[in-house]
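Report on one structure; see the data block that follows.
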Amino acid sequence: MDKQVWLILALAACGDDGPSGPRKLVADPAVETGCAPGVAEGKTRAKVVACKDELVRGRLAAGRIGDFVLENARVRVIIRGPGEGYYLQGTAGGGLVDAAPIGGEDLVKEIVPSVDLAVGGSDEIVITEAGDDGPAELVVRGPAQALDLIAGALNRDAPPVIVEHHYRLRADRDELELETIAYAGELDAEAPTLYDAVFVGGRAAAFTPPDKDVIATTGTTSSYALVYPAGAASPQLLDVGGIRLVTGPSLDFGKGQLRYFVIGDGSVSSVTGRAWELAGREVGTVRGTSAPGVDIEVTTPAGVVTIARTDAAGAFAATVPAGAYTLRATGTGRAPGPDVSATVTDGAEAAVAVTAGASGTLSVTVTDDAGAPLPARVLIEQAGDDRRVEYVGASGRATIPIAPGTWRVSISRGLEYDAFVASSVVIADGQTASLSATLDRVVDTAGWISLDTHLHSELSTDSTLPIDDRLRAVAAEGVEVPVSTDHDMIVDYAPVIIELGLADWLTSMIGAETSSLIWGHINAFPQTPDPAKAAAGAARWVKRSPGQVLAELRAPGRIVQVNHPREDGAGLFDAIDLDPVTLRARKDPSALGLPPGTDLSDLGFDAMEVANGSSAGDFDEVFRDYLAMVAAGHGAAATGSSDSHGATAYAGESRTFVYVGAGADDPATVDPAAIVAAIKARRVTVGSGAFVTANIGSAIPGDTANVTGLAQVTLHVKVQAAAWQPLQTIRIYQGRTEVRTIALDPQDTAVVRYDADVLLPPPAEDTFYVVRVERAGEGPPVVTKNLPAFTNPIFVQVD
């Protein structure tokens, strides 16, 4: 029998109670309607979300009216409603998108049950138990379907099974019961393995105790754990292509596998203790006092078992397996306290007092030369590798906890500003040290607006940087237009910019990075999120050619940019074996899993990321590619970006300056359409430590100057840099050839390092000029990547 026919018959058998298929799902007629947030102790509820008050709060909260809510008096969870899933491409409705204690902050992106690395469809989503005095239950059922990332990474299709997933919440419990049942979708189907694909935000850092019997996280006001019941094998944590998978056992067809999703108050101990109880461990409690707001690490020689958090009065409690432990108070900006021993026995309590280590405070104020507050980066360093990055926001002030000692503190705001360095700041226990920094904007970029066209946040599978910190970091580096380019996810920065009060410094553009595991990465911006679609409607790349994706992304008023084209494993040019001179791909498409005859030479993009902060070693090769492609007639603009994924990979390490005209360069009012038009016209220069401009008469980068009959070409070059950035060479290219080298003094600290006409022989035919500035090393404390600055081409015509 055909496999597809068998799967249809298995689904059609849902009314049977026998082994041939799942039972019929019956909706509970007692389900409430209308807006009714909150339930009393001893009660539960499952219903369709009817108003915003029934949702969970938080920047990562993805719940919508029409989704499902399960809640009791302690916790609330949101399950995606019918249609596509929320986070991953290839998911259907039925995933867990939000979870928090009542009043807590959601830190979940999405948690999706999976069998054999495929997810269940959502042909049926039924509230089978409305709750009230009994448990609330929601059941999701459908055929398995492949996740794009898994299909791309492992080249495997979904197994022929039907997946039935139960969400069950009991009164006054902190845990949501998850039960998954698989039914054979074909006669010879093999029993699948159970997984849970777990995606949480950057503030929900992963934590696994030494016994590895619980998969947990830290958090702010929410924390989480996944645990299997007594008698089941411990879950294993697996990472596939950035997907965090909790691996369970093989499923017996028709038999449910239970596990628990525990929701805590933000501390690790609030979820691990309950998880161990659910797993049948013999546990006791260690209870005590310390300083308010510190972490209490509970350790054995094998490692940290759990971490408690003290309340405002300094009290803490942690439920742990019976045994002997060492406790220590820790925390950001605090020296470790002394060790304290405690022995915990089954069902009993042990009381301890844990002395906290010393802590001080650094108070920072940052203003411009007119006394107005400025966002800025604060780099705090001590001998060895002890370094932290903090941010000053819109207020121009920050209070930073810091351990006693002598610290080097650097305050900066990117390549257009000078920097402040205090090489010896003494922090004493219980005391506050104050620093005031005035940062002058010394580099003149009037008429130009700065973009970082490649940024990641916690919405990418490979980044843990919270979205608010991503924007604090961008503002702190003086980047004016951040482009959101999370992997395969369209993200809108604007609401967070407004929340943080950064609208005077930032205007965002909405985009996404289509991130093929087969042939490379492509940005497109601006885009419009579609909340009805998985990943907000980001373009899908599985089993599609680069040309097909480019065709989907191209649109009027949009920039399509090829990212890090020579990066190993993620570069388009290497993947298709591009010859930049002929603009032809030489790779056999079948080597990329594409049909024979697929055209790989579609290079219909508007911009090419020549300078990439995370792929600085590829710069020279990509720069040569770019010159060759311009000479061959390709119309892409050259851009620079950071590709920043974390706090210490600074935004704007390389950045794209776009000429929008005098008086039009205010980030609070700049016109995104004007930015797009200017990039398409190649009115762009790339800055990294230095800012370089060039012109031939009135022609700037992207323009064409007619030099017919001239005895020489007068190319005016201006190079600026803050005092902290040493420079060494100006290189001038005519077409693909370097035709002039000008030495700069690395000891020169003047802002204007060069401002003069360069006289060049007249060309015999149409050509173009590009100016490149080499740095004499890194630019501490502001810039760490030694990337050149360079202009886009200025074209010359000879009649």
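Some observations on this one:
- Answer label for percent of Cα pairs over 44 Å apart (calculated), chosen among (i) 38; (ii) 26; (iii) 35: (iii)
- DSSP finds beta bridges in the stretch 360-447, and of those with both partners inside it, around 80 percent are antiparallel.
- Efficiency of FRET between ARG170 and GLU499 - r from beta-carbon atoms, R0 41 angstrom, step 0.05: 0.70
- With Cα atoms, 0 to 90° folded angle of helix 3-12 axis to the chain main axis: 50 degrees
- Put a plus charge on the Cβ of each Lys and Arg, a minus charge on the Cβ of each Asp and Glu, and nothing anywhere else: the dipole of the chain about its Cα centre is then about 580 debye.
- Within the shell defined by Cβ-Cβ distances under 10 Å, the residues around LEU744 carry a net charge of -1, with Lys and Arg each +1 and Asp and Glu each -1.
- Portion, in percent, of the accessible area of the stretch 190-330 that falls on carbon or sulfur, probe 1.4 Å: 49 percent
- The length gained on full extension between ASP53 and THR332, counted as 0.36 nm times the residue separation minus their Cα-Cα distance, comes to 97.0 nm.
- Within the shell of other residues whose beta carbon sits under 12 angstrom from the beta carbon of PRO529, the net charge comes to -2, with Lys and Arg scored +1 and Asp and Glu -1.
- Each of PRO526, ALA230, ILE243 was placed along the dipole of the chain (beta-carbon charges, centred on the mean Cα), and the one lying farthest toward the positive end is PRO526.
- LEU237 long-range amide H proximity, modeled H, under 5 Å: THR247
- Restricting attention to the stretch 389-544, close to 70% of DSSP beta bridges with both partner residues there are antiparallel.
- Counting only DSSP beta bridges with both residues in the chain, the antiparallel share comes to about 85 percent.
- Accessible area in square angstrom per residue, the stretch 84-233, 1.4 angstrom probe: 28 Å²
- Computed with a 1.4 Å probe on the full set of protein chains, the accessible area for THR741 sits at about 80 Å².
- Between amide H atoms placed 1.01 Å from N, distances below 5 Å from PHE207 occur with ALA216, THR217, THR218, all of them 5 or more places distant or on a separate chain.
- In this structure, the amide hydrogen of ARG76, modeled 1.01 Å from its nitrogen in the peptide plane, lies closer than 5 angstrom to those of ALA100, ILE102, counting only residues at least 5 positions away or on a different chain.
- Averaged over its residues, the stretch 729-775 has an accessible area of 50 Å² per residue, based on protein heavy atoms and a 1.4 Å probe.
- Accessible-area composition of the stretch 519-621, carbon plus sulfur, in percent [1.4 Å probe]: 48 percent
- With contacts taken as Cα pairs under 8 Å at a separation of at least 6 residues, the stretch 687-782 carries a relative contact order of 36 percent.
- Order by protection proxy (mean Cβ within 10 Å, highest first), peptides 776-782, 262-268: 262-268, 776-782
- Estimated FRET transfer efficiency when R0 is 35 angstrom, pair ALA673-THR367 (beta carbons, to 0.05): 0.60
- Seen against the Cα atoms of the chain and their longest principal axis, helix 467-476 is set at about 20 degrees.
- In terms of overall dimensions, the C-alpha atoms belonging to the stretch 219-303 reach 52, 34, 27 Å along their principal axes, ordered largest to smallest.
- CD proxy at 222 nm, helix term only [per DSSP H run n ≥ 4: -39500 (n - 2.57); per residue of the chain; nearest 500]: -2500 deg cm²/dmol
- A full extension of the chain between ASP239 and ASP577 corresponds to an added length of 118.7 nm, given 0.36 nm per residue minus the alpha carbon distance.
- Computed lengthening from ASP599 to HIS716, 0.36 nm per intervening residue step minus Cα-Cα distance: 37.9 nm
The values are calculated or read from the model by the stated rules, or taken from the named source; none is laboratory data. Since the structure is predicted, the reported quantities are computational estimates derived from the model, not experimental observations. Methodologically, a virtual Cβ is constructed for each residue, glycine included, from the backbone with ideal geometry; neighbour enumeration extends over all protein chains shown. Accessible surface is based on the protein model in full, side chains and every heavy atom, while ligands, DNA and RNA are left aside. Shrake-Rupley method; radii C 1.70, N 1.55, O 1.52, S 1.80 Å.
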